[in-house]
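The values are calculated or read from the model by the stated rules, or taken from the named source; none is laboratory data. Fair warning: this is a prediction, and the values are worked out from it, not measured in the lab. Positions of Cβ are generated from backbone atoms using ideal geometry, with glycine treated the same way; all protein chains shown enter the neighbour counts. Just so you know, the surface numbers come from the protein's heavy atoms only, side chains and all, with ligands and any DNA or RNA stripped out. Shrake-Rupley method; radii C 1.70, N 1.55, O 1.52, S 1.80 Å.
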Amino acid sequence: MLNKTTSNFWLTAQTNARLKQQFPSIQTAPRQNRLLLSFQQERLWYLEHLDPNTSVYNLLHIIRFSGPLNLVALKQSLQEITRRHEILRTYFLRFKGVPFQCIGTNILVKLPIIDLRNLPLQQREIEVKRLALEEAEQPFDLTKQGLWRLKLLRLAEDDYRLIRTIHHIVFDGWSHNVFMRELGVMYGAFSCGKPSPLPNLPFQYVDFAYTQKEWFKQSEFATQLDYWKQQLSGRVSSLELPTHNSKLLITSYQGDCQSLIFSKELTKAIKTLSYQQGVSLFATLLTAFKVLLYSYTKQEDIIICSPVAGRHRHDIKNLIGYFNNVVVIRTDLSNNPNFDQLLTQVSQVVLDAYVNQDFPLQKLIELPHLAHTTLTRAMFALQNIPNQTLDLKDIEINSEYIERPISNFDLSLSMEEKEEQLSGVLQYKIAYFENNSIRKFIEDFQILIESIVANPEQSLSSLSSLISRKKLSSKQGKSLDCGHLLPLQHSDEVNACPYVPPRDSLEFKVSQIWQKVLGSSHPIGIHDNLFLLGASSLSIALIAEKIQETFQTELPLTTLFQTPTIEQVSKLLRESVSSLPTSPLVPIQPKGNNPPLFLCEGVGIYCNLVPYLGSDQPIYALIRDKSAASESFTCIEDIATYYLRQVKKIQPEGPYFLGGLCFGGLVAFEMAHQLYSEGKNVGMLLLLDTPAGANAYKLKPAPLRMLGHLSNILQFGLPYLQKKIEGGKIKYLRPRYQPFKTSQYTSSNIANTNQSFRESTSRIAEIYQYRTYPGRVTLFTLKNRSGMTDSLFDPALGYIDPLLGWGSIVTGGIDVHHLEGEHTSILREPYIKLLAERLKICLEKAQSSVLSNKYSGSLVSEIKKHLVT
């Protein structure tokens, strides 16, 4: 009978065997076709495309040469490596929005040399680090060949450092060892005047990418998909890390790190425990890490991700490229298990995850029930790739690493064993964690490990009690102002307010309405924000209707926008209807010292701007109720006048900063026009994909339009045709201003009111008379448009004016910014990030140019006095 240890090692061997069998042998990609990206590359390309100026995905390595370096042999070696590996000559273009790989033929390697010998000895190492970090911050252009850069530093006659910066889309950790091994072999040969002894590679990275995409169509891929669907079934919660800034929603990669090291005695004890329990060292450390996170979060369902090299097939072990994947490891910590029981569970989940590791993370997060769940908040890794040192005849070559001040995960622990000691680096985003908090986290981890090896049969609750209940930051102990949480959703989830249940029957009834309309499977607290819970404008309208039915009291929609918590709504219901606010002005982010930004015709659609524009930028929304009262507005001029009366209550004098999406932009344009007529100053007029009526779009002749429809049908299939014939005949696209989109609601009152409102808005837009505007406009428009998804224009049916028709109307100049995404998605993740970052720059520029002249201290005080707090 097999004992526990032998059984586990046998399972590991079976895992490795299955991994080699299930992914097909590499096939050669047809080079006459466009070479598609691997799933790993697609994810990075997509992220890079949204933020082309980022350097987050730059990998920095320093290679040290100790001895008399042969510069000719070094350059010759680098050129031969570039020739052998097509991926090092690869760049990325796109066709009809789909990226593909191009392989360049130029293998001339640039190797600039910087001499540091004139610096004082102690300054040379400092300069190496400075130059390396400076080099790593320079972004790459993925559309151009040369996604890696080299710089050789000479510190002494026998001391050189080669700085290599390379984009992750063509390289990974394993690739570094391939690179180093080949560099040593080639340098050794070329320095002796011999040719390279390495044979040509049988496959290239594009062959792997082609094989992966073909495998995607096969049954084995479906088998792995079934595993992950089962593993991540039910309600999946993101890890709720207790950060010191629970309200922060900014996607920032700025990070820091701290080190930890275990003594040789503790290291030996951990390895002995792993052997006795028949599990890997990785499983033991991961389980302990999860116990530590449980001690801080009290979550019984914990997901941590872990990187895998993706090199289990022999035919790709010698390739340079991006093969890494990330697996998610989910653990059930309920029922207070002992550590050894938990260890067995984690070990089995790890083995199963490794068997199914080829399923790409980016396909996993596309599963519908994971759309609003972040699986990658925390990461754990145990490094098992040794740092290669090449000791040649006259020279020694080894790697040196410099930690960059970035963190791709909110919290990540990477460990390795060196000289019989386990050490690690804990990286973290400084926006979320403070140095003292991380230091305590490391101390608690060591205490936990020491306790586990002393007695692995301790229960989870017992181990958790060892850890101080103090959260990761002393600031977390302060009360949270949950009533003013921003109405946002973001890929990096924030910690919600602590759950506070309803305190009386009225609050309970309101919470039941929210629960039913939003379809929430968990209780909603009285301080939870409607928008953080995913509420849209239409769901709020349905909530208003249900409140009227239940309490025989009508709450205007703007009231719900302004009071988005159960506590606030319940308080209003206790008061008389006459006291309810009816202003169309909704303070999305009322605080801050900058001039307010007023955005028209929406609330929820603008909320995602807040974390990117910062806490010092006030933002107000202007919105009409979808009620009979709205019918009194028969023209845009009246709407603009109505809004301006409210704006001037907040800001009596200019300069005014106005904007809006689509129809909202048109209203903002008219508001700016009226302000100019009054002699008021407009600091910025922001038009977000707003067409200037018929000026923006010219239809093609009828025969070409029919060809355009045919082209779209071939590209998009029957859904396109169905979309076009909804009204009984094919619709030739024209600018239609639709401020809200009907979906998912069964209430006939809501649907009918909403449809009437949309039709009224569209009629108002069509009769608007455009007049010359003397000011300057900031225009955000789309790079690419699709006939299937864009609600305004279809390039297959007509010609789009690059300025959307504003060129002949605006005489003060137009600043144009092009965006990714579609008309209906540019204000949502992931497209919102680039839009907001550019908008912030535009705002700062506009503010700096007008505030010095127009914003005296007394005026700032006057505005602050009127601000809603």
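List of remarks:
- Residue in the stretch 230-248 that is touching a residue at least 40 places away in the same chain (Cβ under 8 Å), more than 30 Å from Glu420 (Cα to Cα) and in a helix (DSSP H, G or I) present: yes
- Close pairs (8 angstrom Cβ cut-off, 6 or more residues apart or separate chains): over 21 Å from Gln254 (Cβ atoms) in the stretch 419-436, assigned to a loop (DSSP other than H, G, I, E, B) and hydroxyl-bearing (Ser, Thr, Tyr) anywhere: Gln421/Ser263
- Contacts under 6 angstrom Cβ, first residue in the stretch 102-113 being within 20 Å of Tyr210 (Cβ to Cβ), partner open to solvent by less than 90 Å² (accessible area, probe 1.4 Å), 6 or more apart: Cys102/Tyr91; Cys102/Leu93; Ile103/Glu86; Ile103/Arg89; Ile103/Thr90; Gly104/Arg89; Gly104/Gln145
- Screening Pro405 with (1) in contact with a strand residue (DSSP E or B) (Cβ under 8 Å, 6 or more places away or on another chain); (2) closer than 23 Å to Trp174 by Cβ; (3) touching a residue at least 40 places away in the same chain (Cβ under 8 Å) gives one miss only, at (2).
- Any hit, the stretch 377-389, residues being surrounded by fewer than 16 Cβ atoms within 10 Å (Cβ to Cβ) and assigned to a helix (DSSP H, G or I): no
- Hits in the stretch 665-689 (condition: closer than 23 Å to Asn594 by Cβ and hydroxyl-bearing (Ser, Thr, Tyr)): Tyr676
- Restricting the stretch 25-49 to residues that are assigned to a helix (DSSP H, G or I) and open to solvent by 20 Å² or more (accessible area, probe 1.4 Å), the residue that is modelled with the lowest pLDDT: His49
- Residue in the stretch 576-591 that is surrounded by 23 or more Cβ atoms within 10 Å (Cβ to Cβ), part of a helix (DSSP H, G or I) and modelled with pLDDT under 90 present: no
- Selection status of Gly310, in contact with a Phe, Trp or Tyr (Cβ under 6 Å, 6 or more places away or on another chain), within 30 Å of Thr28 (Cα to Cα) and open to solvent by less than 10 Å² (accessible area, probe 1.4 Å): no
- Taken over the stretch 367-389, the criterion of being modelled with pLDDT under 80 and under 17 Å from His176 (Cα atoms) is satisfied by Asn384, Ile385, Pro386, Asn387, Gln388, Thr389.
- Taking the criterion of being within 31 Å of the chain's Cα centre (by Cα), open to solvent by 20 Å² or more (accessible area, probe 1.4 Å) and without any contact (Cβ under 8 Å) to a residue 60 or more places away in the chain, the residues of the stretch 318-342 that qualify are Val326, Asp332, Ser334.
- The listed residues are Leu225, Leu155, Leu201, and the only one of them that is outside any loop (DSSP other than H, G, I, E, B), farther than 30 Å from Ile832 by Cβ and among the aliphatic types (A, V, I, L, M) turns out to be Leu155.
Let's see how each residue does on (1) modelled with pLDDT of 80 or more; (2) open to solvent by 50 Å² or more (accessible area, probe 1.4 Å); (3) among the acidic types (Asp, Glu):
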residue: Leu485; (1), (2), (3): no, no, no
residue: Val494; (1), (2), (3): no, no, no
residue: Pro501; (1), (2), (3): no, yes, no
residue: Gln512; (1), (2), (3): yes, yes, no
residue: Pro523; (1), (2), (3): no, yes, no
residue: Asp528; (1), (2), (3): yes, no, yes
residue: Leu533; (1), (2), (3): no, yes, no
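- Taking the stretch 397-419 as the range and being surrounded by fewer than 17 Cβ atoms within 10 Å (Cβ to Cβ) and modelled with pLDDT under 90 as the test, the residues that pass are Asn398, Glu400, Tyr401, Ile402, Glu403, Pro405, Asn408, Lys418, Glu419.
- Consider the stretch 206-222 and keep the residues that are assigned to a helix (DSSP H, G or I) and open to solvent by 40 Å² or more (accessible area, probe 1.4 Å). The one that is modelled with the highest pLDDT is Tyr210.
- Looking only at the stretch 635-672, residues that are over 25 Å from Leu782 (Cα atoms) and part of a helix (DSSP H, G or I) come to 14 in all.
- Residue count for the stretch 65-116 satisfying the condition of being open to solvent by 80 Å² or more (accessible area, probe 1.4 Å) and in a helix (DSSP H, G or I): 3.
- Restricting attention to the stretch 408-427, the residues being in a loop (DSSP other than H, G, I, E, B) and of a type outside the set (Phe, Trp, Tyr) number 4.
- Scanning the stretch 117-167 for residues that are under 24 Å from Thr82 (Cα atoms), open to solvent by 30 Å² or more (accessible area, probe 1.4 Å) and of a type in the set (Lys, Arg) turns up Lys144, Arg149, Lys151, Arg154.
- Only residues that are open to solvent by 20 Å² or more (accessible area, probe 1.4 Å) and modelled with pLDDT of 90 or more were counted in the stretch 421-450, giving 11.
- Evaluated against (1) in contact with a Phe, Trp or Tyr (Cβ under 9 Å, 6 or more places away or on another chain); (2) surrounded by fewer than 22 Cβ atoms within 10 Å (Cβ to Cβ), Val291 falls short on exactly one condition, (2).
- For the stretch 177-195, the condition holds for no residue, the condition being that it is surrounded by fewer than 17 Cβ atoms within 10 Å (Cβ to Cβ), in contact (Cβ under 8 Å) with a residue 60 or more places away in the chain and over 30 Å from Val109 (Cα atoms).
- A search for C-beta distances below 7 Å between a residue of the stretch 295-317 that is farther than 16 Å from Asn356 by Cβ and acidic (Asp, Glu) and any residue that is open to solvent by 40 Å² or more (accessible area, probe 1.4 Å) and part of a strand (DSSP E or B), counting only pairs 6+ apart in sequence or on different chains, returns Glu300/Asp332; Asp301/Asp332.
- When each of Gln348, Gln357, Gln362 is tested for being in a loop (DSSP other than H, G, I, E, B) and either of a type outside the set (Gly, Ala, Ser) or touching a helix residue (DSSP H, G or I) at 6+ places or on another chain (Cβ under 6 Å) (or both), the lone residue that passes is Gln357.
- In the stretch 674-703, residue nearest to Gly654 (Cα to Cα) [restricted to those that are free of Cβ contacts under 8 Å to residues at least 40 places away in the same chain and surrounded by 14 or more Cβ atoms within 10 Å (Cβ to Cβ)]: Lys680
- Among the conditions (1) more than 35 Å from the chain's Cα centre (by Cα); (2) under 20 Å from His176 (Cα atoms), the only one that Pro68 does not satisfy is (2).
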